[in-house]
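Following: one structure in structure tokens, then a few remarks.
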Amino acid sequence: AGVRIAELCQAPEGYTGYVTAGVAAGLSLSAAAFMTENNKAAIYKLPNTEGISKRHVVLDGGSDTRWNQSIQTSGADLVFVGSPRHPATYNDLKSILTRRSHGIACMVYFAGGYHEGHGLSFDDVRALTASHGVRLVVDASAQLPPRSNLYKWTNGGADIVLFSGGKSISGPQTSGILLGKTDIVACVALNGSPHEQSVGRPMKTSKESICGLVRALEIFIRESDADDNARYESVISIVMNIIRGTPGISAMHVVHPSPPTVQPNTIPKLYI
């Protein structure tokens, strides 16, 4: 399944796929993998990180911080650069990576986690992490469409990229895609189910979710962003015609010019 997913997502050579129980599980497994690599003694004792030298995960405090607990379930310590009022700058991130790179397991970058025009770009984050030997995870859970995002960040050199299986792909709601470099995906697998002594044991992915996700992804790839928009606009038109003229009910058809509460902003929406 992993090889097929990587093929469908046009991942570069040296990458493979892994099906998670959603992106939140993918965040925890990614952190665990970068902390322990293939050290079974370390894997067996997580979330206890005593003796693990690289146990810090860097986050931009001005980005999307709703998923901190998902990372912390691995046992990782979070290191914040920036704040909600002041997202991290290039120099802020460079400074923390320079001072603490020896203890950093990885950095998590939330694609779409900033208000438009604010925050660090992926290119800057990738350049800085690469130059300091820090591995990079991209949480792209809600960043489909466009379909080109399936290969945007792997082609850009991210070590792991995470997508929801149950959003635009329309796969099982309990599924997620983890695309990563082959060496680290092997470490992700060691930290997950069915390994009994692993922090990811409760994050079991069923065979039904795996098969359902692969099939949904095949269908998703076969269609286009234009097909999606046409379908969404058709549904919106039907609903608006039904409620038009109904006393006490109003409707507003919106395509947000900036990141909305429900992402991505390319999807037309009907507010009733």
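Checked against (1) under 15 Å from the mean Cα position of the chain (by Cα); (2) within 16 Å of Arg201 (Cβ to Cβ); (3) open to solvent by 10 Å² or more (accessible area, probe 1.4 Å), Ala31 meets all criteria but (3). Does region 98-111 contain at least one residue that is part of a loop (DSSP other than H, G, I, E, B) and either open to solvent by 30 Å² or more (accessible area, probe 1.4 Å) or out of contact with any strand residue (DSSP E or B) (no Cβ under 6 Å at 6 or more places or on another chain) (or both)? No; the residues of region 98-111 include none that is part of a loop (DSSP other than H, G, I, E, B) and either open to solvent by 30 Å² or more (accessible area, probe 1.4 Å) or out of contact with any strand residue (DSSP E or B) (no Cβ under 6 Å at 6 or more places or on another chain) (or both).
The residue of region 2-28 that is nearest to Pro172 (Cα to Cα), among those that are open to solvent by 70 Å² or more (accessible area, probe 1.4 Å) and part of a loop (DSSP other than H, G, I, E, B), is Gln10.
Residues in region 185-209 that are part of a helix (DSSP H, G or I) and loosely packed, with under 15 Cβ neighbours inside 10 Å: Lys207, Glu208.
Test Gly171 against the stated conditions and say whether it is farther than 20 Å from Leu59 by Cβ and either without any contact (Cβ under 8 Å) to a residue 60 or more places away in the chain or surrounded by 15 or more Cβ atoms within 10 Å (Cβ to Cβ) (or both). Taking the combined requirement at face value, the residue satisfies it. Criterion applied to Val262, Val235, Val255 was being among the aliphatic types (A, V, I, L, M), at pLDDT below 90 and farther than 19 Å from Ser164 by Cβ, and the one residue passing it is Val255.
For first residues located in region 17-46 and of a type in the set (D, E, K, R), partners that are open to solvent by 20 Å² or more (accessible area, probe 1.4 Å) and modelled with pLDDT of 95 or more and lie 6+ apart or on another chain with Cβ distances below 8 Å form the pairs Lys40/Leu190. Answer yes or no as to whether Val214 is open to solvent by less than 60 Å² (accessible area, probe 1.4 Å), touching a strand residue (DSSP E or B) at 6+ places or on another chain (Cβ under 7 Å) and closer than 29 Å to Val108 by Cβ. Criteria not met by Val214.
Does Gly62 satisfy the criteria of being in contact (Cβ under 8 Å) with a residue 24 or more places away in the chain, in a loop (DSSP other than H, G, I, E, B) and open to solvent by less than 20 Å² (accessible area, probe 1.4 Å)? Yes; evaluated as a whole, the condition is true for this residue. Only one of the numbered conditions (1) at pLDDT 90 or above; (2) more than 21 Å from Gly166 (Cα to Cα); (3) open to solvent by 30 Å² or more (accessible area, probe 1.4 Å); (4) not β-branched (Val, Ile, Thr) is not met by Ser250, and that is (1).
The values are calculated or read from the model by the stated rules, or taken from the named source; none is laboratory data. None of these values were measured; they are calculated from a predicted model. Neighbour counts run over all protein chains shown; Cβ positions are idealised from the backbone, glycine included. Only protein heavy atoms, including side chains, enter the accessible area calculation; ligands, DNA and RNA are left aside. Shrake-Rupley method; radii C 1.70, N 1.55, O 1.52, S 1.80 Å.
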